[in-house]
Amino acid sequence: MKSQITSSVRLLGSSYEYQKNNLKIISKKLLLLFFISSVISCEGIQYDGETRLVFQTVVLNSNGEPLTNSHVEISVGNAYSSALISKGKTNQNGSITLVFPAPKDDLGINLKVYNDDASYLQKEVLNIHKSDFENYKFIYQNDYLLKADETAPLVLTYNHSSPYTALKVSVNGIYYMDQELYNFNYDTDFNILPYEILIKKNQSFQLKYTVLNMQTNVETEYIVDLTIGTNPLNYSINY
């Protein structure tokens, strides 16, 4: 009788250890599946689990000096959903490198930059695409953060005289726009035009605009040399 009880206890013990080990294996599998699903799919956005993209930039102040403690965030999204995929802070040289999984679809990759010093204006650069990454790397140039009191506004007015033309506008110089399109699409972005661009004070810069003739699909580029002081500068574009 005693041996039967001992055997039963051993049997129960081995059964318990077997179930315990099974639970550990199942838990590990569930954790692995959760990790994979969180990497491959986030907020309804699908990612390529094998391909990594590399983003690099150097954040500078208006004098071209590196800005430490600048936050850089990368998000991926479309008109229906968006997800933060990578973030970090610039080092003492103002530089940062972020690595993140590539989205499967050709979604917009968006950049947000701001500094611990709240006097610097936050900026966003939208509509970067996978095709802008060369050998899986994208280096964003001229990443300036400005303070409001360092700038004067360039005020733009548009005289649209033809229904068959579309326009895109950019600036060569040190400037600030709260949201800027990296890739401009005439079909979807034709009505997204800046009406005020903050330019670094006491600066010579170039206003660049391109007019598309939608009947002939011909683009005409115009470059205007301008100088701004400490007061607002007004400029009209006819197209």
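Quick notes on this one:
- Amide N of the stretch 203-226 lying under 11 Å from the label point, which is placed 7 angstrom from the Cα of Ser162 along Cα→Cβ: 211-220
- The stretch 114-140 and the stretch 150-189 have Cα centres spaced 18 Å apart.
- Positive dipole terminus of the stretch 69-191, leading residue within Leu167, Thr97, Ile74 (C-beta point charges): Thr97
- Under 5 Å from the amide H of Gln46 lie the amide H atoms of Lys104, Asp105, each residue being 5 or more positions distant or on a separate chain, with H modelled from the backbone and absent for Pro and chain starts.
- The string of couplings for the stretch 135-145 from the Karplus curve (6.51, -1.76, 1.60, θ = phi - 60°) is 6, 6, 10, 10, 10, 8, 8, 6, 8, 9, 10 Hz, one whole number per residue in order, with x for Gly and Pro.
- Residues whose amide H comes within less than 5 Å of that of Asn69, counting only those at least five positions distant or on another chain, are Thr90 (H built at 1.01 Å from N in the peptide plane).
- Dipole magnitude of the stretch 87-239, debye to nearest 20 (Cβ charges: Lys/Arg +1, Asp/Glu -1, about Cα centre): 260
- Charged side chains reduced to their Cβ positions (Lys and Arg at +1, Asp and Glu at -1) give the stretch 169-239 a dipole of some 300 debye around its Cα centre.
- Put a plus charge on the Cβ of each Lys and Arg, a minus charge on the Cβ of each Asp and Glu, and nothing anywhere else: the dipole of the stretch 99-167 about its Cα centre is then about 200 debye.
- In the context of the full set of protein chains, residues of the stretch 190-239 present 64 Å² of accessible surface per residue (probe radius 1.4 Å, heavy atoms only).
- J(HN,Hα) series, the stretch 204-215, from Karplus relation 6.51 cos²θ - 1.76 cosθ + 1.60, nearest Hz, glycine and proline x: 8, 8, 10, 9, 10, 9, 10, 9, 9, 8, 6, 7
- Global geometry of the stretch 52-192, whether rounded, prolate or oblate, following the gyration tensor of its Cα atoms and the 1.5 cut on a/c: oblate
The values are calculated or read from the model by the stated rules, or taken from the named source; none is laboratory data. From a predicted model like this one, the values you see are computed outputs, not experimental measurements. Note that each Cβ is placed from the backbone with ideal geometry, even for glycine, and that neighbours are counted across all protein chains shown. Heavy atoms of the whole protein, side chains included, go into the accessibility calculation; ligands, DNA and RNA do not. Shrake-Rupley method; radii C 1.70, N 1.55, O 1.52, S 1.80 Å.
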